[in-house]
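Everything on this sheet refers to the single structure shown next.
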Amino acid sequence: MINKIIKRLEKRAQKYSVVTNPSAYMNNKKSRKRSVPADKDKYTLVRSNIIPNVGSTSCSDLNGGNNCTLTATYNIMQFYRQQGFDKIPENDEELYKLIMEQAKRLGYNDQNGIGLFKIDNLVRDTWHRGLGYTSGSARSRYIWRHKRLTDEIDKGRPFIFSLANGVYFNQTIVVCGYEVYKNERTGKEYTFLITADGWSTQRRYVAFTRTRAKYLSCVTYVEAPERDKLFEDDAE
């Protein structure tokens, strides 16, 4: 039964395409739902918040092998390295090797990747076992509120997003921002999450609020080590 559901979701995913232009996406989607011609609607960017310095390395750049969760963790750690967490190696190969070691401890392999319920473990083990910090954590949630996700971005905290449907079926990505578009005709606003999706180094989007998109997903919130702990760790 479960295998049939997975195959069905995988087949549906093939019908979707990645979002690179939110305005074009909304016009294409809305024009199929009602009689208003697509050229009658204009969508204008009214708000955005993008966290700088989040890594955009692709899975293939890190040798592939069902490594989307490892790549997402790697891109998150690249961001925190820029924030002054100097135990994170400057050498990119060394950083990925460190993450891979933690992933293998948790059961990762090239064929099956790493289990959904171990994503937060991977991030925590990277902070503690891999990098040697005494604080820093991660928490996975399978039920979440839209506002909580945009709040994370507003607080400057990129997070990991694992999806089980849509174009990113069975893919783990990093969310590093959002953009809000307004329909000039109706006044309605639509939010799109900005991602480092591990497939491309270019900016891509996940349709979010008011777009009728719904997701089976897991959000993993990443917590950096406490700043006061950094000085204690360095003194030891």
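Taken together, the values in this text are just the output of simple stated rules run on the coordinates, not laboratory data. No experiment lies behind these values; they were computed from the predicted model shown. Neighbour counts are summed over all protein chains in view; Cβ atoms, including those assigned to glycine, are modelled from backbone coordinates with ideal geometry.
Here the gap between Val46 and Phe117, fully extended at 0.36 nm per residue and compared with their Cα-Cα distance, gives a gain of 21.9 nm.
In order along the range 172-187, phi translates into HN-Hα couplings of 10, 10, 10, 9, 10, x, 8, 9, 10, 10, 10, 7, 5, 7, 9, x Hz, rounded to whole numbers, per the Karplus curve 6.51 cos²θ - 1.76 cosθ + 1.60 with θ = phi - 60° and x for Gly and Pro. Charge dipole (Cα centre; +1 on Lys/Arg Cβ, -1 on Asp/Glu Cβ; no other charges) of the range 79-236 amounts to roughly 1140 debye.
Among 140-149, 97-106, the peptide with the highest mean count of other Cβ atoms within 10 Å heads the list, and the full ranking is 97-106, 140-149. Sequentially through the range 70-75, phi angles give Karplus couplings (6.51, -1.76, 1.60; θ = phi - 60°) of 5, 5, 4, 4, 4, 5 Hz, Gly and Pro residues having no value and appearing as x.
As a calculated quantity, the FRET efficiency between Arg129 and Asn170 at R0 = 35 Å, using C-beta atoms, amounts to about 0.85. Each of Gly187, Thr134, Gln102 was scored by the projection of its Cα onto the charge dipole of the range 2-235, and the greatest displacement toward the positive side belongs to Gly187; charges sit on the C-beta of Lys, Arg, Asp and Glu. Does the range 98-150 come out rounded, prolate or oblate by the C-alpha gyration tensor, with a ≥ b ≥ c the root eigenvalues, rounded set by a/c under 1.5 and, if not, prolate when a/b is larger than b/c and oblate if not? Cα axes put the range 98-150 in the oblate bin. Annotation for the range 106-122 versus the range 50-66: alpha-carbon center distance of 17 Å.
So, R0 is 25 Å and r is the distance between the beta-carbons of Arg139 and Arg210; what FRET efficiency does that work out to, to 0.05? Mind dumping the intermediate values first?
Working: r = 27 Å, r/R0 = 1.08.
Using R0 = 25 Å, I get an efficiency of 0.40.
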